[in-house]
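Enquirer: Got a structure here, written out as structure tokens. Questions coming.
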Protein chains: 2
Amino acid sequence: MRTIEWRDGVVATIDQTVLPDKEVWIELRDIGEMASALKEMKMRGAPLIGVAAAYGLALTAYNSKVESREDLLRELEESAETLRMTRPTAVNLFWGIERIVNKAKETRGGAQKLRQTVLAEAEKMADEDVDVNRRIGKHGSNLISDGDIILTHCNAGSLATVDYGTALAVVRVAWEEGKRIKVIADETRPKLQGARLTVYELARDGIPVTLITDNMAGYLMSKGFVQKVIVGADRVVRDAVINKIGTYTVAILAHEHGIPFYVAAPTSTFDLSKESDDVTIEERDPNEVTFVRSVRVAPEDVEVMNPAFDITPLKYVDAIICEDGVLSREEFQRLAEKGTLGTAP
Amino acid sequence: MRTIEWRDGVVATIDQTVLPDKEVWIELRDIGEMASALKEMKMRGAPLIGVAAAYGLALTAYNSKVESREDLLRELEESAETLRMTRPTAVNLFWGIERIVNKAKETRGGAQKLRQTVLAEAEKMADEDVDVNRRIGKHGSNLISDGDIILTHCNAGSLATVDYGTALAVVRVAWEEGKRIKVIADETRPKLQGARLTVYELARDGIPVTLITDNMAGYLMSKGFVQKVIVGADRVVRDAVINKIGTYTVAILAHEHGIPFYVAAPTSTFDLSKESDDVTIEERDPNEVTFVRSVRVAPEDVEVMNPAFDITPLKYVDAIICEDGVLSREEFQRLAEKGTLGTAP
């Protein structure tokens, strides 16, 4: 299920806020529409956010009437700034922006040439994402045994990427290889990406999935119902994995029950010059907690906390699965220190 | 906030399923209406369920037209059976039933005398519950320091009891004693007792409360935002505490962060002839997970697990606060083995 496409001057994407009720494709025509769609989480998931940012800059280039190279670079920089304000935590946003801006700067020629280059680079990033995800799936599948029940949190599937997913790529490859696996999906409050998106896309592929509320994971682990945990990541820093709120809790539960906890993430999610203390955890609208979709679930005026992400220290992570292979915690730490990981543009 | 009352031949109670939108009192006229109200969780919370069961039998006695003692005892036994089918996990249900049935059996005299006795005993149990809760609050408050932020799960408040609460009794007494505390309430999916009920009753009392989704507790603990955890119990057995789904997860999180985890429960919740393996964990309707109140949140036909309770082994419980005092884990274990605890009728 490809989630984002360039269609003759517009970016087409699935509005994920109305899933699973309807699969509605929307068209984004300029950087303002792209920024709003990101802020409102019509698109979400770190890898998809990165590619969406690239396409956002392609929209700016495509729409621009300027004739000089310098003017176009200035417009791209303005659009980049608009995009940087949308979601602070997923590093792919910044990675996608930098890659496009750097590519434009490096390209010789005038505005017209840069326009073509920017769009071509965005398209290339989208295709690469799919390829990277398939490689993640292939590597990760080696960790999965026939009969495993795999718990996942949030949605690290097709809908979090251009296609195929990260954590769910591992599930997909294992399934395609004939392993009889099942998935347990945490519903993932407040935005219910597990209930709405993970269940939707796995059911669509015919992969068995069971939905639970977030607070059931510990009990199911204690009853032996979970053999592996795989989640995605919004940012992997030197000492921790930053991912959807609730990931840290699942990691501690897995640790306590001796269940392997894996993170599946492309190297575009790695940000190894940073530590967890350097990362801004996005705090979102309290109404996401006091309402479930359109229905109020708490008294008015209640004080709410709504951090969108949390921080899982590496000690709870058994391995990180990236496109280059499965990195055990120790291997990851060694490579991160050597500075030979996450050197993507 | 008294939650249940005998009013001239009917039992009046708050319909908790429509809180916090409206405070609606409903009147239950016979054992069938009482059983339905329990099954649909219009009343919930172990101590309240116990007293409601007693009042249910009082309704049977009050409505009965029989003239012989034996016929009334037979009707009471039939009603007891109806009540036993409503909720399998909270032991107070069985405790409340046994206490009324035994009282009726012990009472000399005819049907009319038994009718009076049964109602008087139900009223006595309701009053005792309030008294017991105040004692729990008093003992538990000794564990609370000025400035503590206390996390609680589900609702172990007035609305889970006849009045005052168990876990929230501790909060109330600490607050009344002038300790500047705050409460963090887990929303407690699927039925949202935390968001709907705990927030409602604490806000009503002017006690500061912050609402979070269940999967945020770990992150807040890691950031130092939680000093104590206090929850209620549906049943305390020799080796574990059985309480609302998600309690086990919170207990592990508290353990991992070195935060004290306390259970506040009256001895009517103790069932020390049993171990956790003996207890039936109620599995409820999948629609509770796939819908939030009236809104669908997951694709149709998805497979769901919906255990209403989980099991927290004693090793994660620092102390149990009952009406007789604060029992450390070791003390509780010693007394449980000696058989000198939980000997209520």
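Enquirer: Report, for the protein assembly as shown, the % of DSSP beta bridges that are antiparallel, rounded to 5. The partial results should precede the final answer.
Expert: On the way: 46 of 84 bridges.
Given both bridge residues lie in the protein assembly as shown, the antiparallel proportion sits at roughly 55 percent.
Enquirer: Follow-up. Can you list residues whose amide H is under 5 Å from A:PHE270's amide H, if they're 5+ apart or on another chain and H is modeled 1.01 Å from N?
Expert: Long-range HN contacts for A:PHE270: A:VAL236.
Enquirer: For chain B, restrict the atom set to alpha-carbon positions and state the Rg and Dmax in Å.
Expert: Reported Rg and Dmax, both Å: 19.7, 66.
Enquirer: If you don't mind, there's one more thing I want to ask. Before rounding to the nearest 500, sum -39500 (n - 2.57) across all DSSP H runs of length at least 4 in chain B and divide by the residue total; then give [θ] at 222 nm in deg cm²/dmol.
Expert: Taken over chain B, the calculation gives -12500 deg cm²/dmol.
Enquirer: Report, in whole Å, the centroid distance computed from the Cα atoms of segment A:97-135 and segment A:29-82.
Expert: Taking the Cα centre of each part, segment A:97-135 and segment A:29-82 sit 12 Å apart.
Enquirer: Which GluC sites (Glu not before Pro) in segment A:261-345 pass both tests, a DSSP loop state and at most 10 other beta-carbon atoms within 10 Å? The partial results should precede the final answer.
Expert: Details: sites: A:GLU275, A:GLU282, A:GLU283, A:GLU288, A:GLU300, A:GLU303, A:GLU323, A:GLU330, A:GLU331, A:GLU337; in loops: A:GLU275, A:GLU282, A:GLU300, A:GLU323.
Qualifying residues, ordered by number: A:GLU300.
Enquirer: Within 10 Å of each candidate Cβ there may be at most 16 other Cβ atoms; applying that plus a DSSP loop requirement, which GluC sites (Glu not before Pro) in segment A:30-75 survive? Spell out each step's value before the answer.
Expert: Values: sites: A:GLU33, A:GLU40, A:GLU67, A:GLU70, A:GLU75; in loops: A:GLU40, A:GLU67.
Qualifying residues, ordered by number: A:GLU40, A:GLU67.
Enquirer: Right, something else. Quick one: grab the alpha carbon gyration tensor of segment A:4-134, order the square roots of its eigenvalues as a ≥ b ≥ c, and give me rounded if a/c is under 1.5, else prolate or oblate depending on whether a/b is larger than b/c. List each step's numbers first, then the result.
Expert: Numbers: a/c = 1.74, a/b = 1.62, b/c = 1.07.
Note, shape of segment A:4-134 comes out prolate.
Enquirer: Using Cα pairs closer than 8 Å and at least 6 residues apart in sequence, work out the relative contact order for chain A, in percent. All intermediate terms of the calculation are to be shown ahead of the outcome.
Expert: Numbers: 708 pairs, mean separation 55.8, N = 345.
Dividing the mean separation by the residue count of chain A yields 16 percent.
Enquirer: Where both partners of a DSSP beta bridge lie in chain A, what percent of those bridges are antiparallel, to the nearest 5?
Expert: Details: 23 of 40 bridges.
The antiparallel fraction comes to roughly 60 percent.
Enquirer: Among A:SER68, A:SER328, A:SER294, whose mean-square fluctuation peaks in a Gaussian network model of chain A (Cα, cutoff 10 Å)?
Expert: The residue that fluctuates most here is A:SER294.
Enquirer: Which value, in Å³ per residue, describes the convex hull spanned by the Cα atoms of segment B:136-178?
Expert: Working: hull volume 2.6 nm³, N = 43.
So the per-residue hull volume is 59 Å³.
Enquirer: When only DSSP loop residues count, what trypsin sites (Lys or Arg not before Pro) in segment B:116-213 have their Cβ near at most 14 other Cβ atoms within 10 Å?
Expert: Details: sites: B:LYS124, B:ARG134, B:ARG135, B:LYS138, B:ARG172, B:LYS179, B:ARG180, B:LYS182, B:LYS191, B:ARG196, B:ARG204; in loops: B:LYS179, B:ARG180, B:LYS191.
Qualifying residues, ordered by number: B:ARG180.
Enquirer: Only Lys, Arg, Asp and Glu count, each charged at its Cβ (+1, +1, -1, -1), so figure out the dipole size of the protein assembly as shown about its Cα centre, rounded to 20 debye. The partial results should precede the final answer.
Expert: Values: 86 positive and 110 negative charges, 36 e Å.
Result for the protein assembly as shown is approximately 180 debye, rounded to the nearest 20.
Enquirer: Going 7 Å from the Cα of A:SER68 in the Cα-to-Cβ direction, what parts of segment A:85-119 have a backbone nitrogen less than 12 Å from that spot?
Expert: The answer is A:111.
Enquirer: From the phi of every residue in segment B:150-158, what ³J(HN,Hα) in whole Hz does the Karplus formula 6.51 cos²θ - 1.76 cosθ + 1.60 yield, where θ is phi - 60° and glycine or proline is x?
Expert: Once θ is set to phi - 60°, the couplings for segment B:150-158 become 10, 8, 10, 10, 6, 10, 10, x, 3 Hz.
Enquirer: Take every DSSP beta bridge with both residues inside segment B:144-338 and express the antiparallel ones as a percent of the total, to the nearest 5. Don't jump to the answer; show the numbers that get you there.
Expert: Working: 15 of 32 bridges.
Given both bridge residues lie in segment B:144-338, the antiparallel proportion sits at roughly 45 percent.
Enquirer: Check which residues have an amide H placed less than 5 Å from B:LYS191's amide H, if you skip close sequence neighbours.
Expert: none
Enquirer: Each label point is 7 Å from the Cα along the Cα-to-Cβ direction; what then is the distance between the points at B:ARG7 and B:ASP285, in nm?
Expert: Inter-label distance under the simple model: 2.6 nm.
Enquirer: Sticking with this one: Could you tell me whether segment B:1-60 comes out rounded, prolate or oblate from its Cα gyration tensor? Rule is a ≥ b ≥ c as square roots of the eigenvalues, rounded for a/c under 1.5, then prolate if a/b exceeds b/c, otherwise oblate.
Expert: Values: a/c = 1.62, a/b = 1.41, b/c = 1.15.
Prolate shape, in that a/c is at least 1.5 and a/b is the bigger ratio.
Enquirer: While we're here: Over all directions, the average projected area of the alpha-carbon convex hull for the protein assembly as shown comes to how many nm²? Before the final figure, lay out the partial values.
Expert: Working: hull surface 124.6 nm².
Result: a mean projected hull area of 31.2 nm².
Enquirer: Taking every pair of alpha-carbon atoms in segment B:144-338, what share in percent sits in each 5 Å bin, from 0 to the bin with the longest distance?
Expert: The calculated distribution, bin by bin, is 1, 8, 16, 20, 20, 16, 10, 5, 2, 1, 0.
Enquirer: Of the candidates A:THR249, A:THR188, A:THR152, which one comes out as most mobile in a Gaussian network treatment of chain A with C-alpha springs shorter than 10 Å?
Expert: A:THR249
Enquirer: So who's got an amide H within less than 5 Å of the one on A:ASN243, skipping anything under 5 residues away but keeping other chains? H placed 1.01 Å off N, in plane.
Expert: Here A:ASP234, A:ASP310, A:THR312 satisfy the definition.
Enquirer: In sequence order, what are the phi-derived ³J(HN,Hα) couplings for segment A:224-236 according to the Karplus relation 6.51 cos²θ - 1.76 cosθ + 1.60 with θ = phi - 60°, rounded to whole Hz, with x for glycine and proline?
Expert: Going residue by residue, I get x, 8, 10, 9, 9, 10, 10, 10, x, 8, 8, 6, 10 Hz, with x marking Gly and Pro.
Enquirer: Let's see if you can work this out: charge +1 on each Lys and Arg Cβ, -1 on each Asp and Glu Cβ, no other charges. What is the dipole magnitude of segment B:104-200 about its Cα centre, in debye to the nearest 20?
Expert: Working: 15 positive and 14 negative charges, 50 e Å.
Charge dipole of segment B:104-200: 240 debye, to the nearest 20.
Enquirer: In addition: Could you tell me the calculated FRET efficiency between A:ASP205 and A:ILE149, based on Cβ-Cβ distance and R0 = 22 angstrom, to the nearest 0.05? Please report the intermediate quantities before stating the final value.
Expert: Numbers: r = 17 Å, r/R0 = 0.77.
Computed FRET efficiency for A:ASP205 and A:ILE149: 0.85.
Enquirer: Pop out the ³J(HN,Hα) list for segment A:311-316 in order, Karplus 6.51 cos²θ - 1.76 cosθ + 1.60 with θ = phi - 60°, rounded to Hz; leave Gly and Pro as x.
Expert: 3J(HN,Hα) across segment A:311-316, in whole Hz: 10, 9, x, 4, 4, 8.
Enquirer: Would you kindly state how much longer the chain becomes between B:LYS105 and B:ARG329 on full extension, computed as 0.36 nm times their sequence separation minus their alpha carbon distance, in nm to one decimal? Each step should come with its number before you reach the end.
Expert: Numbers: separation 224, 0.36 × 224 = 80.64 nm, distance 3.67 nm.
The B:LYS105-B:ARG329 span can extend by a further 77.0 nm.
Enquirer: Rule-of-thumb check for segment A:157-228: C-alpha Rg over 2.2 N^0.38 Å? Don't jump to the answer; show the numbers that get you there.
Expert: Values: Rg = 12.2 Å, N = 72, 2.2 N^0.38 = 11.2 Å.
Computed over Cα atoms of segment A:157-228, the ratio equals 1.09.
Enquirer: Can you pull the three principal axis extents for the Cα set of segment A:222-315, in Å, largest first?
Expert: 40, 39, 19
Enquirer: Please find, in a Gaussian network model of chain B (springs between Cα atoms separated by less than 10 Å), the residue of B:THR89, B:THR107, B:THR198 whose mean-square fluctuation is greatest.
Expert: B:THR107
Enquirer: Using all alpha carbons of segment A:272-340, what is the percent of pairwise distances in each 10 Å bin, ordered from the shortest bin to the longest?
Expert: 16, 33, 21, 20, 11, 0
None of the figures in this text is laboratory data; all of them are computed from the coordinates on show. All figures in this text were calculated on a predicted structure; none of them were measured in a lab. Cβ: placed from backbone, ideal geometry, glycine included. Neighbour counts: every protein chain shown.
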